Amino acid sequence: MKRPRVLVASSVAIFAASLVAPVTAVAAEGPDPVAEGVCRGGWKQNVYGYKATHHGKGPKFKDGPGGTIVVTKTTSATVSTTVSGTGGVTVGFAVVEAKAEASGEATASVTWGSSHRYQRDIARNKYGHVQYGSWGHTATWEKYYQLPNCKKTQRKTGPVKIVNKETGYRYWETSR
């Protein structure tokens, strides 16, 4: 039984030594911390306000009132992400932001072929409309200069149309 006592005593000695030994902490490398309410300043850009939408391309088909709409062919087409305005925000930046914040399927452009068929019943006394395109997003870009007090100055904004790799028909109905 002496053997377990020696182990217990050794464990206690190691525990006691760890309480007395100094501990050294190493900070991860990176920028120096900034106090709350103080910003680094400089030019910043952002894309925000994502809304899911369909970016149609090519002909719009209409049928009705009532009945069934059948679309048996669409033409090949390409639809691209666009950034409107002159703020210096690029399509590449908008796509990267959208992949991180809205959809991993965001892309600079998407192309499709022509072998598609779509059929849908139209509500009574309504007209059915169909268009092929990309399921993507609309958003707003901004570029601004951030002051050391975190306020924005020289701010410019504009619309962004971001396309997705996912394509398909959009259907809607109207009274006319």
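The values are calculated or read from the model by the stated rules, or taken from the named source; none is laboratory data. In this text the structure is predicted, and so the values were computed from the model without any measurement. So basically every Cβ, Gly included, is an ideal-geometry build from the backbone, and we count neighbours across all protein chains shown. Please note that ligands, DNA and RNA were not included when accessible areas were found on the heavy atoms of the full protein model with its side chains. Shrake-Rupley method; radii C 1.70, N 1.55, O 1.52, S 1.80 Å.
Computed values, structure above
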{"quantity": "Residue check for residue 52: open to solvent by 70 Å² or more (accessible area, probe 1.4 Å), closer than 11 Å to residue 163 by Cα and either part of a strand (DSSP E or B) or touching a residue at least 40 places away in the same chain (Cβ under 8 Å) (or both)", "calculated": "yes"}
{"quantity": "Failed item, numbered, when residue 80 is tested on (1) small (Gly, Ala, Ser); (2) open to solvent by 40 Å² or more (accessible area, probe 1.4 Å); (3) more than 20 Å from the chain's Cα centre (by Cα); (4) modelled with pLDDT under 90", "calculated": "(3)"}
{"quantity": "Unique match (being open to solvent by less than 60 Å² (accessible area, probe 1.4 Å) and either part of a loop (DSSP other than H, G, I, E, B) or of a type in the set (Lys, Arg) (or both)) among 58, 85", "calculated": "58"}
{"quantity": "Inter-residue pairs, beta-carbon under 9 Å, first of a type in the set (Lys, Arg) and in the range 148-159, second surrounded by fewer than 13 Cβ atoms within 10 Å (Cβ to Cβ), 6+ apart", "calculated": "156/86; 156/88"}
{"quantity": "Residue that is nearest to the chain's Cα centre (by Cα), among those in the range 147-164 that are outside any strand (DSSP E or B) and either surrounded by 14 or more Cβ atoms within 10 Å (Cβ to Cβ) or not basic (Lys, Arg) (or both)", "calculated": "150"}
{"quantity": "Candidate set from the range 106-125 (those that are assigned to a loop (DSSP other than H, G, I, E, B) and open to solvent by less than 90 Å² (accessible area, probe 1.4 Å)); member that is modelled with the highest pLDDT", "calculated": "123"}
